[in-house]
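Undergrad: Here you go, one structure.
The values are calculated or read from the model by the stated rules, or taken from the named source; none is laboratory data. Being a predicted model, the structure only gives us computed values, none of them experimental. Glycine also receives a Cβ, built like all others from the backbone with ideal geometry; neighbour counts cover every protein chain displayed. Surface accessibility is based on the protein's heavy atoms, side chains included, excluding ligands, DNA and RNA. Shrake-Rupley method; radii C 1.70, N 1.55, O 1.52, S 1.80 Å.
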Amino acid sequence: MSKKTITGEDGKTYNVKEKKAWYKKWWVWIIAIILIIIIGGALGSGNDSSSNNNSSATKSSSKSSLKKSYKVGESATYKGYSFKVNSVKYWDGDNDMDTPKSGNEFVIVNVTITNKGDEKQDYNSYDFKLNSDGNSTDFDEILTNDEYSKDVLDSGTLDKGATVSGNLIGQAKKDSKLKLEYKPSFFDDKTIDVPLN
């Protein structure tokens with residue numbers, strides 16, 4: 001604020017403080033600049049993400065064509081992963097420790113994952129779901145039977161060209177319509193389905 005000297009009607013001299021207009025205050029301009037940066041950043045990143053999505057979609061569609069459903073023994077390749085269901089076994093369990101819920105059976109699915117990309121790629125057994133009559137559950141059963149439990153697929157990282165095979169163990173109602181659902185990327189909505197019966 002600045003001081004201004006004025007002469008009043010009575011002829012005396014007065015020193016008066018003059019107020020600045022609101023738009024001339026420094027903090028108003030700081031807020032305006034911050035708002036412009038935020039709005040510009042939001043608009044700019046929105047355009048970048050849509051162009052990135054379009055270029056990603058173009059790249060992925062040119063690298064591999066992915067159909068929705070594959071058969072047991074058929075390989076699917078998507079974003080550097082090659083995936084195949086090798087075999088499916090059904091087991092009623094035993095009377096000791098490995099007993100499924102009443103009316104259920106264990107479903108043991110042997111899969112192979114190969115890294116066909118140029119960089120290391122992670123894999124995880126939780127990328128797979130067992131869909132029984134429309135209800136998807138994790139392959140998270142633990143069996144003590146050596147025949148099925150010795151080669152359980154866990155999680156890890158594959159180098160370029162490396163392969164891993166293992167069993168996924170789930171549980172489902174007997175005589176239900178089963179399929180394996182594989183989602184190769186957390187950031188993608190693509191799912192590969194393999195009918196199991």
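Undergrad: Could you pull out every one of the lysines with an alpha carbon less than 26 Å from that of Lys173, ignoring same-chain neighbours closer than 8 positions?
TA: Output for Lys173: Lys68, Lys71, Lys84, Lys89, Lys101, Lys129, Lys150, Lys183.
Undergrad: Then there's this: What part of the accessible area of the range 94-161, given as a whole %, is carbon or sulfur when the probe is 1.4 angstrom?
TA: 38
Undergrad: If the cut-off is 17 Å between C-alpha atoms, which lysines fall inside it for Lys17, apart from same-chain ones fewer than 8 positions away?
TA: Hits, sequence-local ones excluded: Lys3, Lys4, Lys25.
Undergrad: Averaged per residue, what accessible surface does the range 119-178 expose to a 1.4 Å probe, in Å²?
TA: Result: 60 Å² per residue.
Undergrad: Please sort 72-84, 15-27, 135-147, 92-104 by packing, taking for each peptide the average over its residues of neighbouring beta carbons within 10 angstrom, highest first.
TA: Averaged packing, sorted descending, gives the order 72-84, 135-147, 92-104, 15-27.
Undergrad: Here's a follow-up. If the convex hull of the alpha-carbon atoms of the range 83-187 is projected onto planes in all directions, what is the mean projected area in square nanometres?
TA: Over all viewing directions, the range 83-187 projects a mean Cα-hull area of 6.9 nm².
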